[in-house]
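Quick notes on the structure that follows.
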Amino acid sequence: MQSFYFDLHDLSGLSKEHLQTIESVYEMWQEIYGPILAVANEELHPDAFFRARYLVCIMDMGQPLAFCLMNTIDLKVGQNAGRSYFRPVPTQRLTELILANEKILTVEWVTVRPDSRVQFKKVQLADLVMGAAFRFLHQTDHTLAMGYSRTDVGADRIAASFGVRPFDEIQLHGIHCRLMIGRREWVGRHRFSVVETAIETMWRSARNYTAIQFKTDLENQKVESAFENARRAS
């Protein structure tokens, strides 16, 4: 029997029954990233967590094993280009995004509990979390997914396994990262079928606590087609 699940939450409207989950994920975020930012003489502020709109996490017996945060930035609203999220982005790259009127799904703080990393061999938790984020992308009207992936831990390579493409090298919190962008038509199934099967199995039983209504069976056929087209193009 499956013991762990994708949970999807809307951080802008939480119910009391989910507060404990959010608090446990937040505590994990603090424990992991507080020391990392301290090395860079930076402080971890709660708004870096709660500015996100969506949370996807993998829960096991009430405890978070992995998570990522997601947000929506619609560049059709020109003032959104001034948001702090875009500070690491080179001016030319940001201009390209603005001119294309992109509606961006940011994928942030992809995190795996350190003591859970050794429990999973063939399928890594980071692959599962990113896979859920990209499934979410195809369930919405975002035009692309975007994130800053650490290169020292191979997060950029994991994202690339779904068709996300590497762009500019940047420094974030004193860590070498790469700007990763995945247009809807680029992003598809994971390059390894065993990983994709795990993602698909968990996605079908995902616990969706957001207001987003996932697509019907007929519409899901279009999502599957988009994944297949992206796989062929990669």
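The values are calculated or read from the model by the stated rules, or taken from the named source; none is laboratory data. What you see is a predicted model; the values in this text were computed from it and never measured. Positions of Cβ are backbone-derived with ideal geometry, glycine not excepted, and every protein chain shown enters the neighbour counts. In case anyone asks, the SASA skips ligands and DNA or RNA and just uses the protein heavy atoms, side chains included. Shrake-Rupley method; radii C 1.70, N 1.55, O 1.52, S 1.80 Å.
Here are a few things to note about the model shown:
- Residues that are open to solvent by 10 Å² or more (accessible area, probe 1.4 Å) and assigned to a strand (DSSP E or B) do not occur anywhere in the range 127-139.
- Evaluating residue 171 against the criteria (1) open to solvent by less than 50 Å² (accessible area, probe 1.4 Å); (2) in a strand (DSSP E or B) leaves one unmet condition, (1).
- Selection of helices (runs of 4 or more DSSP H) fully inside the range 1-99 by the criterion of at least 3 residues being touching a Phe, Trp or Tyr at 6+ places or on another chain (Cβ under 9 Å), under 19 Å from residue 110 (Cα atoms) and not acidic (Asp, Glu) returns 19-39, 47-50.
- Which listed residue, of 115, 156, is open to solvent by 60 Å² or more (accessible area, probe 1.4 Å), without any contact (Cβ under 8 Å) to a residue 40 or more places away in the chain, among the acidic types (Asp, Glu) and under 30 Å from residue 41 (Cβ atoms): 115
- Counting residues in the range 50-57 that are open to solvent by 40 Å² or more (accessible area, probe 1.4 Å) and touching a residue at least 40 places away in the same chain (Cβ under 8 Å) gives one or more.
- Selection of the range 1-20 for residues being open to solvent by less than 40 Å² (accessible area, probe 1.4 Å) and under 18 Å from the mean Cα position of the chain (by Cα) yields 6, 7, 8, 9, 10, 11.
- Each residue in the range 100-115 was checked for being at pLDDT 95 or above and either part of a helix (DSSP H, G or I) or not hydrophobic (A, V, I, L, M, F, W, C) (or both), and 6 pass.
- The range 187-218 - residue that is farther than 21 Å from residue 9 by Cα and open to solvent by 50 Å² or more (accessible area, probe 1.4 Å) and, of those, modelled with the lowest pLDDT: 218
- Qualifying residues in the range 21-47 (those that are under 22 Å from residue 86 (Cβ atoms), touching a residue at least 40 places away in the same chain (Cβ under 8 Å) and open to solvent by less than 60 Å² (accessible area, probe 1.4 Å)) - the one farthest from the chain's Cα centre (by Cα): 40
- Condition check for residue 163: in a loop (DSSP other than H, G, I, E, B), open to solvent by less than 30 Å² (accessible area, probe 1.4 Å) and among the small types (Gly, Ala, Ser): yes
- Selection status of residue 118, among the hydrophobic types (A, V, I, L, M, F, W, C) and either modelled with pLDDT of 95 or more or not in a helix (DSSP H, G or I) (or both): no
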